[in-house]
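Enquirer: Dropping the structure in here first, questions after.
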Amino acid sequence: MAEIKFEEALKKLEKIVEDLEKGELTLDEALKKYQEGIELSRACSSRLESARKKIEVLSKNRKGDFDLKPFEDGKDEEE
């Protein structure tokens with residue numbers, strides 16, 4: 001899948017979900033939409049993970065100085 005902006009991918013994904021929930025698609029159309037939705041979902045997840053890794057938190061140390069630390073969201077990292 002070509003590089004797509006996160007917001008655009010999310011809008012397309014929401015439209016696909018809406019179309020699938022209506023239940024008016026043929027089986028072939030539904031399968032194509034489902035596959036496209038999976039690809040968009042993976043692209044969005046990848047972009048979010050990349051952004052999460054870039055975030056740093058500014059925190060005050062015991063001396064009153066500020067340090068930059070990696071953002072920790074409580075999510076276990078798989079290695």
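No lab work stands behind these numbers, since they all come straight from the coordinates. Predicted model only: the values in this text are computed from it and were never measured.
Enquirer: Could you give the length gained by full extension between SER50 and THR26, i.e. 0.36 nm per residue of separation minus their alpha carbon distance, to one decimal place?
Expert: Full extension from SER50 to THR26 adds 5.1 nm.
Enquirer: Over the residues of the chain, compute the C-alpha Rg and express it relative to 2.2 N^0.38 Å.
Expert: 1.64
Enquirer: Determine the alpha carbon to alpha carbon distance for each of LYS32/LYS53; LYS33/LYS54; LYS22/LYS54; LYS5/LYS32; LYS12/LYS53 and list only those over 30 Å.
Expert: Distance filter (> 30 Å) returns LYS32/LYS53; LYS33/LYS54; LYS22/LYS54.
Enquirer: What value, in deg cm²/dmol to 500, does the helix sum -39500 (n - 2.57) over DSSP H runs of n ≥ 4 give at 222 nm once divided by the residues of the chain?
Expert: Taking each H run of at least 4 residues, the total per residue is -20000 deg cm²/dmol.
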